[in-house]
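The values are calculated or read from the model by the stated rules, or taken from the named source; none is laboratory data. The structure presented is a predicted model; accordingly, all values stated were derived computationally and were not measured. Every residue, glycine among them, receives a Cβ derived from its backbone with ideal geometry; neighbour counts consider all protein chains shown.
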Amino acid sequence: MDVELLKPLPVPTPVSLPFWEGLAEGKVRLQKCDACRTWVFYPRSRCSCCLSDQLRWRDVSGRGTLYTFTIARQPTSPHFASDTPQLLAVVELEEGVRLTTNLVHVAEADIRVGMRVKACFERVSPDITLLKFQPA
Amino acid sequence: MAGVGQTTYYKHGQSPHAESRLALEAILNACADAGIAPEEIDGFSSYSNDRNDGPRMAAALGCRELRFSNMFWGGGGGGAAGAIQNAAAAIAGGLADCVVAYRGLAQGQFGRFGRGAEVGQVSGEAAHTTPFGLMSAAQMFAMKAMRFMHDHNVERSALRAIALASYQHAQTNPLAIMNGRPLTPEKYDDSRWIVEPFRLFDCCQENDGAAAIILVPAERARDLPHPPCYVLGATSGGHYRAGAPVHNTPDYASSHFKTVARRLYDMAGIEPEDVNVLQSYENFTGGVLMAIVEHGFCEPDEVNDFFSIENFLAPSGRLPLNTSGGNLAECYMHGLGLTIEAIRQIRGDSPNAVPGAEVSMMIAGPMVTPVSSCVFGSQATL
C-alpha cells in the first residue's frame, strides 16, 4: 500500500499570523520598523536592528533576486522524496530581507545566482499558503 | 596537550558498544598516552550536546574530585577547538589541573546525526525553512558555498583538491575508515551529486567512536612522555548576527571565521605564514574552502590556484591539509580527530608527519555558530 506522507506545515503564531494571512490572500507582507526603518524577517516581536517593538506590517511587491540556491538530489526526509530534485533557494526581496523558498516554473539549467524572481503562492492546506518564487 | 586517545572508528550505527563506553575508552586511552592516572582528571570539556556528561564520566573513572564540567554551545563540530579553548581557560584560570576534552558518538544507539526531523508541524524559525524541504546541514551549507563560489568565480576543482588530499593522507593512516580505499580525480568526478555543489566525496562520513585529549598546566610538560605540545591560542564565536536565522546574517557567504581567526592570530602571536600544517574541519569541502580563505592563507580570488592537491599534500606541500584523512576519510568524530592530528604533528607521530612542524592549526566546524579554531606549538615556539 502506498502511503502519502504529509509534508511538515508551518504553525502560525500570534506574531507571524499576518504573514500567513497575507500569503493566503496572495500578498507578501513584511514587518518594517517604525523606529529605524529596517525591514524585518522572519516575523518578530522586536526589530532585529534596533530592538524597537514598533513593527508594522506592510504589503510589498514580492519581487527580488535569487541570492543563492542548491539542487538537492538526496532528500533528507521521506516527505520530500517525490520532489527530488528539490530546487532550494534563498531569495533577497527588494526590501533587503532574505527568505528560504523553492523555485518553481524554471528549468534547472536556467537557474542563476542574481536572476530576477517574483512571488507565487502555493496553497498547501486550507489554512496555509507557501511563498515560492519563479523567474520574473 | 598531555595525551590523546581514540577508540576504533566504525561506520555510523555499527559500534558494538554503548556510546558512554566509547567515550570512557577514549579517555582511558588518552590517560595511557599521557602517563596520567584517570583519577587525576578533575575537569571535563565537551561540545555538540554530547550526551556523556562530565559528572557521569567522573563517577565511572573514579576521579578524586570534579572541579570543572563544561559544555560548549552549538551543534555540529563548531566546538572541536572550543572544547580545547574551555579546557585551557579552566587550567589557566586555576579552576582545574587536568582537563579532558572529548566527544563520543554511537548513532545506532541514539539515532542518526544530521537527519531531517520527521515532524508534521513546525513553528518558530523552522516554520520558514522546513516546509520547503530545507532540513539538513548539507542543504543549508551548500547554499553558502554556492554564493561564495559565485562571488569569487571558484571552480569545482578547488573542492576536489580538498577531498583528494584527505583521501590520500588516509591511505597511510591505519585508523582511517577509508584506509585502503583511495580516491582518484575520476572517481570524484563520477560520484553522484548530493546537494550541489557537493558530490558524495565533498560530504563527511558519519561514524561511531570517541576521541579524547588531556590538558595539564604547561609546567608539567617536561614530565610527560611525549615531546611538548602547547596551546598557543584558541578562540571561538562569530561575526555580527552570524547566527541570524533563515539566512539573514548580513555576511552570508562565510564560514563565520572572520573575527575568530583574527583573534586567534593575535592571541597566538603568529601570522598565517607561520603555520606549518593545517587541519580544517570538513563537514563539507565548501566549508574548508571558506575557512582557509578566512584564516588568511589565500585571498578569495586566488582560490583556483591555491587549492591544488600538490599544495595540500604532506610532507612537502605549501600547506599540508588534513593529514590524517580528516572527517572525509579518517573518521567524523565531529572534528576531535582533527584536533588530535594537529597535536600529533607537533609531537612528530602523525601518519603523515610534516618534518620540523613547529606550528599546527586546527579549524573547527565551518558555517555553524559559534565556530572555533586553535593553534598548537612546539617548545621552540614559546
- Note on the structure: Pairing a residue in segment B:306-322 that is surrounded by fewer than 17 Cβ atoms within 10 Å (Cβ to Cβ) with any residue that is aliphatic (A, V, I, L, M), where Cβ atoms lie under 8 Å and the two sit 6 or more apart in sequence or on different chains, gives B:PRO315/B:ALA353; B:PRO315/B:VAL354
- Message: Exactly one condition in (1) free of Cβ contacts under 8 Å to residues at least 12 places away in the same chain; (2) within 9 Å of chain B (Cβ to nearest Cβ) is false for A:SER82; which is it?
- Response: (2)
- Task: Please find, within segment A:67-94, the residue that is modelled with the lowest pLDDT out of those that are over 26 Å from A:PRO18 (Cβ atoms) and aliphatic (A, V, I, L, M).
- Result: A:ALA81
- Message: Taking the conditions exactly as written (in contact with a strand residue (DSSP E or B) (Cβ under 9 Å, 6 or more places away or on another chain) and at pLDDT 95 or above), does A:LEU17 satisfy them or not?
- Response: no
- Note on the structure: Sole miss for A:ASP59 among (1) acidic (Asp, Glu); (2) away from chain B (no Cβ under 12 Å); (3) farther than 24 Å from A:ARG37 by Cα is condition (3)
- Note on the structure: Restricting attention to segment B:117-137, the residues that are at the interface with chain A (Cβ under 7 Å from one of its Cβ atoms), more than 19 Å from A:LEU99 (Cβ to Cβ) and out of contact with any strand residue (DSSP E or B) (no Cβ under 6 Å at 6 or more places or on another chain) number exactly 3
- Task: Select, from A:ASP53, A:ASP34, A:ASP110, the only residue that is more than 7 Å from chain B (Cβ to nearest Cβ), surrounded by fewer than 14 Cβ atoms within 10 Å (Cβ to Cβ) and within 24 Å of B:GLY286 (Cβ to Cβ).
- Result: A:ASP110
- Query: What residue, among those in segment A:102-119 that are in contact with a strand residue (DSSP E or B) (Cβ under 8 Å, 6 or more places away or on another chain) and not in a loop (DSSP other than H, G, I, E, B), is nearest to A:PRO135 (Cα to Cα)?
  - Reply: A:VAL117
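Quick grid of which residues meet (1) closer than 21 Å to B:ALA138 by Cβ; (2) free of Cβ contacts under 8 Å to residues at least 24 places away in the same chain; (3) within 17 Å of the chain's Cα centre (by Cα):
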| position | (1), (2), (3) |
| --- | --- |
| B:SER236 | no, no, yes |
| B:THR259 | no, yes, no |
| B:GLU271 | no, no, no |
| B:LEU278 | no, no, yes |
- Task: Report yes if some residue within segment B:109-119 is under 29 Å from B:ASP208 (Cα atoms), surrounded by fewer than 20 Cβ atoms within 10 Å (Cβ to Cβ), over 27 Å from the mean Cα position of the chain (by Cα) and modelled with pLDDT under 85; otherwise report no.
- Result: yes
- Query: So which residues in segment B:29-78 are part of a helix (DSSP H, G or I) and in contact (Cβ under 8 Å) with a residue 60 or more places away in the chain?
  - Reply: B:ASN29, B:ALA30, B:CYS31, B:ASP33, B:ALA34
- Specify the residue that is nearest to B:THR249 (Cα to Cα); the eligible residues are those in segment B:138-174 that are surrounded by fewer than 19 Cβ atoms within 10 Å (Cβ to Cβ) and more than 14 Å from chain A (Cβ to nearest Cβ). B:GLU155
- Query: Out of segment B:339-364, which residues are out of contact with any Ser or Thr (no Cβ under 7 Å at 6 or more places or on another chain), crowded, with 23+ Cβ neighbours inside 10 Å and closer than 21 Å to B:GLY209 by Cβ?
  - Reply: B:THR339, B:ILE340, B:ILE343
- Message: As an exercise: evaluate B:ILE213 against (1) within 30 Å of A:ILE71 (Cβ to Cβ); (2) surrounded by 22 or more Cβ atoms within 10 Å (Cβ to Cβ) and give the number of the one condition it does not meet.
- Response: (1)
- Message: Is it the case, given these coordinates, that A:PRO43 is over 26 Å from B:LEU200 (Cα atoms), more than 9 Å from chain B (Cβ to nearest Cβ) and either touching an Asp or Glu at 6+ places or on another chain (Cβ under 9 Å) or not charged (D, E, K, R) (or both)?
- Response: no
